[in-house]
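Bear in mind that the values in this text are calculations on the coordinates, not laboratory data. Just so it is clear, the model here is predicted, and its values are computed rather than measured. Positions of Cβ are generated from backbone atoms using ideal geometry, with glycine treated the same way; all protein chains shown enter the neighbour counts.
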């Protein structure tokens with residue numbers, strides 16, 4: 001059977017991520033009953049405490065989270081990783097397998113003989129299945145804040161015996177983000193962050209929204225998110241009314257571009273389109289909350305600095 005086209009895989013990834021966020025939102029609850037904490041913190045779940053991991057760290061780690069994969073390699077634990085999921089495409093030397101983080105198979109995971117499994121999504125029976133097999137598992141939900149990134153890096157550093165390296169990675173991220181925040185090139189500009197062409201977006205309360213805010217950018221999606229979920233589906237009419245200065249396309253890999261955006265009914269008169277401010281962005285660096293977040297926001301800054309006029 002032929003492999004599904006990349007667009008189908010990526011769309012499944014987005015829909016599964018939105019489902020994971022909904023599950024995490026329910027699991028984590030809300031702040032003071034306001035419903036504004038789509039993911040209130042790291043929400044870590046372990047089926048075995050850190051004390052059950054070997055003193056020198058686990059030697060057979062499986063990562064079913066592309067973000068965790070990047071963190072593990074960044075902190076020097078790459079040699080301990082025996083398999084990663086089929087969406088973990090970075091770094092290049094990560095041992096990619098057929099394992100899925102969205103439709104996980106407990107038996108396939110157990111076949112690698114892992115002594116630590118890192119996940120960011122549980123369809124309902126993965127954690128229990130691994131617990132039954134006495135396989136140590138750590139759940140790291142999608143980050144809701146920049147601080148969650150540091151927490152998850154620290155946690156994986158502690159679990160794998162690379163605490164010092166983890167602290168160094170976090171310090172590097174802090175330094176990079178602080179430098180970017182000190183030069184808010186987007187001040188006074190509004191933006192629309194397009195997840196896919198059904199017009200799902202992310203508000204300022206989300207991790208990616210907080211990164212944009214470092215540059216002084218204003219998110220048009222914020223007023224549309226009355227439920228406080230963080231990931232509203234906007235209407236074309238709403239976007240036309242808001243008339244953003246910039247449109248960021250995370251679906252560029254699916255074929256969306258300045259040309260396809262301009263061809264949408266009525267969109268050719270949007271400020272972002274007329275000004276040539278439709279910006280394709282890398283889906284991986286914008287959708288992961290690990291070591292490359294600075295790379296992502298640096299690319300956004302460079303795009304804004306490159307605007308004419």
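Quick notes on this structure:
- Using a Förster distance of 45 Å, the FRET efficiency for residue 264-residue 108 (Cβ separation, nearest 0.05): 0.60
- Inter-part distance where the stretch 250-299 and the stretch 174-191 are each reduced to a Cα centre, Å: 18
- Computed from label points 7 Å out along Cα-Cβ, the spacing between residue 128 and residue 271 is 5.1 nm.
- Residues in the stretch 271-309 that a label on residue 168 would reach, taking backbone N under 17 Å of a point 7 Å out along Cα→Cβ: 291-292
- Value in Å of the Kirkwood radius, where the stretch 190-305 supplies the Cα pairs that are averaged: 14.0
- The stretch between residue 240 and residue 98 holds 46.9 nm of extra length on full extension. This uses 0.36 nm per residue minus the Cα-Cα distance.
- Per-peptide average of other Cβ atoms within 10 Å, ordering 239-247, 68-76, 173-181 highest first: 68-76, 239-247, 173-181
- Where both bridge residues fall in the stretch 190-305, DSSP classifies roughly 10% of the beta bridges as antiparallel.
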